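As structure tokens, the structure follows; a few thoughts come after it.
Every number in this text was worked out from the coordinates using simple rules, so none of it is lab data. Only a predicted model underlies this, so the values are computations on that prediction, with no experimental measurement involved. When we count neighbours, we look across all protein chains shown, and the Cβ atoms used for this are built from the backbone with ideal geometry, even at glycine.
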Amino acid sequence: MKNIATKNIASLLIAATMAAAPTAAVYGQSATEISGTSGGPQTSTECGFVPAQPDYSFNITQPTASVSIAVTGSNDYTLLMVGPDNNSRECILAHDFDGGTIQSRGLYKAGTYHLYVGDIDGDSAPFTLTIQQ
């Protein structure tokens, strides 16, 4: 992941905070699942139409952490990930070859991350966002 991934693996705690969704589990617990509706009024050049507020935000308290993020549903979803310095933005698109599921795994530097589930065409559809910490 450009500007987000690091090369070191370390033990850590991940404390989650929410912008507009339920609170997430602490590192080492089961996955957190959030349901919502994709898309929104904001247009992003890299990720289509996204909500004005993040669907999910979490804070990593140590320099690196292994996190797995997935978005499932039946639409042309996008996942906009904004990292701690606002310059680390990554857009992941759903593809037909993976059944429309978005998956992102990696190592992240310390800081707050914001996840926006968007739609490339401006449509909206139900989705499930799963974060494994």
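Take the Cα of A125, go 7 Å toward its beta carbon, and the backbone nitrogen atoms of region 80-94 under 18 Å from that spot belong to 80, 92-94. Amide hydrogen proximity for G122: with H placed 1.01 Å from N in the peptide plane, the residues at 5 or more positions away or on another chain lying under 5 Å are F49. The calculated FRET efficiency for the pair Q132 and N87, based on their C-beta separation and a Förster distance of 30 Å, comes to about 0.70.
The label-point distance for T37 and A110, in a model that sets each label 7 Å from Cα toward Cβ, rounds to 4.0 nm.
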